[in-house]
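Below is one structure, written out as structure tokens; the observations come after it.
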Amino acid sequence: MNLKTLFKVSYGLYIVSSKKEKNFNGQIANTVFQITSEPPTVAVSINRKNLTHEFIKLSGVFTVSILSKETPMKFIGQFGFKSGRDIDKFKDVNYKTGITGAPVVLENTLGYLECKVKGSMDMGTHTIFTGEIVDAEVIKEGEPMTYAYYHDVKRGTAPETAPTYIKETKSKGGTAMAKYKCSVCGYVYDPEKGDPDSGVQPGTPFEKLPDNWVCPVCGATKDKFEKI
Ligand code: FE
């Protein structure tokens, strides 16, 4: 059995948000899909360990923001690799409170759905929530981010709590410059690609990165990186 076959399944990239009383939280999800059109219903798969899971269970509502292809890594990192238990993810983010009372992220968003939970299925590590769409709006035109694009082009990685996480085997190496992996989020610094978003030119070895350089995804400092 080759579980890498699962990489051929296509996904998008979304922020699923919910609320608990006056508190908001949201997380990156790639498993959002439409189930029926009458009534309009979608399903999301959320890790039980995540704070958003707790919020959806308690409030019975969630929203889905559909991210555009241009969404920066840092923005994805803010929602994907940080926990709402440690930080307020909505601080400094453009959002609105929807008709369900749950937050709707508007930044880097092509459109959003607001849903009321209709049912849930315990899948062990994850819960599948189904939700009837009670509001939806297109914000702007553009191409949605796909999981493959995020993974291949933006060099994104999946946190271990993602439903689609597959343990990757280490490559045999043989390259002149070593790659380094962030021990916090799994981001891999590839010297051949550099980190153009942070002004680091392709061809810059990890050792030559400035001391104040941080992981472009989660903000971890250089000492959190391990050679791979
Ligand atoms: Fe990181």
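Every read-out reported here was derived from the displayed coordinates using simple, explicitly stated rules and does not represent laboratory data. Worth saying up front: this structure is predicted, and the values here are computed from it rather than measured. FYI the Cβ positions are ideal-geometry reconstructions off the backbone, even for glycines, and counts take in every protein chain you see.
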**Prompt:** How many residues, within segment 184-228, are within 15 Å of the ligand (Cβ to nearest atom), of a type outside the set (A, V, I, L, M, F, W, C) and surrounded by 13 or more Cβ atoms within 10 Å (Cβ to Cβ)?
**Reply:** 11
**Prompt:** Hey, does segment 17-31 have a residue that's hydroxyl-bearing (Ser, Thr, Tyr) and under 26 Å from residue 195 (Cα atoms)?
**Reply:** no
**Asked** Could we say that residue 59 is surrounded by fewer than 24 Cβ atoms within 10 Å (Cβ to Cβ), touching a residue at least 24 places away in the same chain (Cβ under 8 Å), within 13 Å of the chain's Cα centre (by Cα) and within 22 Å of residue 123 (Cβ to Cβ) here?
**Response** no
**Prompt:** Could you give every pair whose Cβ atoms fall below 8 Å, whose first residue belongs to segment 179-206 and is closer than 13 Å to residue 224 by Cα, and whose second residue is more than 16 Å from the ligand (Cβ to nearest atom), counting only separations of at least 6 or pairs across chains?
**Reply:** 206/177; 206/178; 206/191
